[in-house]
Amino acid sequence: MTYYASRNSVRLMAHGGKLSSEGLLILTSLADAPKHGYAIQLDIASMSGRRLGPGSLYGAIARLETAKYIEALKADGPRRPYRLTPSGATALAVELEALRKVTTAAARRLALR
């Protein structure tokens, strides 16, 4: 199965829409320090057990950059590091709060079983 991101997903993201799971993982990876693509990929695999392929990783990076949630820094040799912007930090905090509400409800409902 192949999925395509549309320009609408970037517009939606830039106007407070939901982040993709890839976007959430990338913003989380960049929350502590700037990283280049391969370092982001390794960090995501370490924290989530999920390996993003280059197409998924760099497609999500491009969408996050377009939405102004991350920005590229000066290239360090062949590698280009990215950092979280203030609007990216806000988007991550909003998404984490929404996830917290869902996980709290799920835990409460499971406890009722």
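The values are calculated or read from the model by the stated rules, or taken from the named source; none is laboratory data. All figures in this text were calculated on a predicted structure; none of them were measured in a lab. A quick note on method: Cβ atoms are made from the backbone with ideal geometry, for glycine too, and the neighbour counts reach across all protein chains shown.
Structure data summary
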| item | result |
| --- | --- |
| Inter-residue pairs, beta-carbon under 7 Å, first farther than 15 Å from A89 by Cβ and in the stretch 17-45, second assigned to a loop (DSSP other than H, G, I, E, B) and aliphatic (A, V, I, L, M), 6+ apart | E22/L52; Q41/L52; I44/L52 |
| Enumeration of residues in the stretch 75-97 that are over 12 Å from L30 (Cβ atoms) and either part of a strand (DSSP E or B) or modelled with pLDDT under 95 (or both) | A75, D76, G77, P78, R79, R80 |
| Residue, nearest to the chain's Cα centre (by Cα), within the stretch 66-79, restricted to residues that are surrounded by 11 or more Cβ atoms within 10 Å (Cβ to Cβ) and of a type outside the set (S, T, Y) | I70 |
| The lone exception for R63 - which of (1) under 11 Å from the mean Cα position of the chain (by Cα); (2) not in a helix (DSSP H, G or I) it fails | (2) |
| Single residue of R113, R100, R109 found to be within 20 Å of K18 (Cα to Cα), surrounded by fewer than 12 Cβ atoms within 10 Å (Cβ to Cβ) and over 15 Å from the mean Cα position of the chain (by Cα) | R100 |
| Candidates D32, D43, filtered to the one that is out of contact with any His (no Cβ under 7 Å at 6 or more places or on another chain), modelled with pLDDT of 95 or more and surrounded by fewer than 13 Cβ atoms within 10 Å (Cβ to Cβ) | D32 |
| When residues of the stretch 80-97 are limited to those that are touching a residue at least 60 places away in the same chain (Cβ under 8 Å) and in contact with a strand residue (DSSP E or B) (Cβ under 9 Å, 6 or more places away or on another chain), the one surrounded by the fewest Cβ atoms within 10 Å (Cβ to Cβ) | L92 |
| Which numbered condition G59 misses (of (1) in contact with a Ser or Thr (Cβ under 8 Å, 6 or more places away or on another chain); (2) modelled with pLDDT of 95 or more) | (1) |
